[in-house]
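No value in this document is a laboratory result; all are computed from the given coordinates. Just so it is clear, the structure is predicted and the values come from calculations on it, not from any experiment. Cβ coordinates were reconstructed from backbone atoms using ideal geometry, including for glycine residues, and neighbour counts include every protein chain displayed.
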Amino acid sequence: AVKETGKADFRFYEEGMLEQARERLALTVELREALQTGQLAVEYQPKRNLRDGTLAGVEALARWPHPVRGDVPPAIFVAIAERSGLIHALGEYVLREVLNQLQSWDAAGTVVDYVAINLSMHELSRPAFVDTLHRAVRSYGVDPTRIRFELTESTAMREPEETMRQLVKLRSHGFDLLIDDFGAGYWNLSHLRELPVGTIKIDQSFVRGSASNLADREITEAIVGLAKKLNMRTIAEGVETRAQAEWLRDLGCDIGQGYFFARPMSADAFTRYLAPTPAYAG
Ligand code: C2E
Ligand code: MG
Ligand code: MG
Ligand code: MG
């Protein structure tokens with residue numbers, strides 16, 4: 001339910017079901033309008049190679065600075081978008097923003113190898129999804145290898161065969177795919193065998209728990225080990241301390257992302273952030 005994913009900084013209804021439904025409807029209407037009027041923004045968070053601290057790429061994260069409600073968390077508006085079908089418009093919006101940004105960075109000589117975009121599996125329900133996407137990327141003159149997709153699974157896969165076909169097609173155009181939030185939600189081990197993905201992103205709950213919880217450390221280690229055996233790369237998200245970054249590096253995890261390196265930031269802030277030398281050097 002929408003309510004459960006709400007965050008502390010966004011006041012959500014404690015009221016009953018009716019109120020929730022009404023609230024959801026209001027948000028849906030407002031989100032549609034926000035998408036039409038360009039109210040949404042995209043922030044960027046660096047992904048750093050844990051061995052040498054160099055920038056691997058960035059993740060694009062959608063933001064909705066609502067004029068009345070304040071910042072609506074993505075967990076809320078992505079869920080609203082998935083329920084209402086607005087997820088397609090949201091995906092197109094974010095893609096356009098990212099393609100424009102890549103063009104600007106290229107023109108300014110800012111080196112960003114790739115941008116990872118979160119892809120809700122709901123977006124694959126449109127048969128034309130991959131072709132439309134491929135056309136858009138080409139029209140911007142951006143090489144598909146510079147766009148990667150972080151696959152998130154908020155529900156059990158509904159049409160596994162059709163989904164698989166779409167993912168294989170996406171991959172065949174050169175777009176890289178990775179499994180987001182691995183170890184949480186609906187991803188399971190058979191997906192590692194079946195999906196055309198080369199990278200696993202370890203869910204941040206394990207990294208967060210690693211300082212105090214032996215099981216979280218063991219699980220993280222096991223995921224990195226498993227990925228290595230399958231010739232897959234690993235990204236750790238939610239890295240908040242130097243100790244975590246070093247521990248993950250020593251485990252053999254390839255890439256780190258989290259507040260220790262940098263919070264998600266506006267494109268302009270990111271451009272400035274890339275100008276000086278990085279704060280972390282392996
Ligand atoms: P995600 O893709 O797993 O993104 C990671 C989330 O963790 C982001 O939350 C990010 O801001 C946050 N984060 C990054 N580093 C740290 C850290 O060190 N500590 C902590 N505590 N958090 C950290 P955010 O931006 O609220 O996004 C939440 C989720 O919403 C994303 O999870 C993703 O699933 C979804 N989302 C965001 N943007 C989009 C989008 O454009 N399209 C789709 N379909 N989903 C999106
Ligand atoms: Mg992600
Ligand atoms: Mg995550
Ligand atoms: Mg997530």
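Determine which member of the set L251, L214 is surrounded by 15 or more Cβ atoms within 10 Å (Cβ to Cβ), away from ligand 3 (no atom under 16 Å from the Cβ) and of a type in the set (A, V, I, L, M).
Residue meeting the stated conditions: L251.
What are the residues in region 254-270 that are within 11 Å of Q45 (Cα to Cα), in contact (Cβ under 8 Å) with a residue 24 or more places away in the chain and either touching a Cys at 6+ places or on another chain (Cβ under 7 Å) or not in a strand (DSSP E or B) (or both), if any?
Passing the criteria: Q257, G258, F261, A262, R263, P264, S266, A267, F270.
Filter region 204-253 down to residues that are within 16 Å of ligand 2 (Cβ to nearest atom), part of a helix (DSSP H, G or I) and free of Cβ contacts under 8 Å to residues at least 40 places away in the same chain, then give me how many there are.
3
Report every pair of residues separated by at least 6 positions or lying on different chains whose Cβ atoms are under 6 Å apart, first residue within region 160-185 and farther than 20 Å from H134 by Cα and among the small types (G, A, S), second within 16 Å of ligand 2 (Cβ to nearest atom) and not in a helix (DSSP H, G or I).
G183/D203; A184/D203; G185/E153
K201 versus (1) over 30 Å from R138 (Cα atoms); (2) within 15 Å of ligand 2 (Cβ to nearest atom); (3) basic (K, R): which is the lone unmet condition?
The single condition K201 does not satisfy is (1).
Output the residues belonging to region 156-204 that are among the polar types (S, T, N, Q) and within 12 Å of ligand 1 (Cβ to nearest atom).
The one that is among the polar types (S, T, N, Q) and within 12 Å of ligand 1 (Cβ to nearest atom): Q204.
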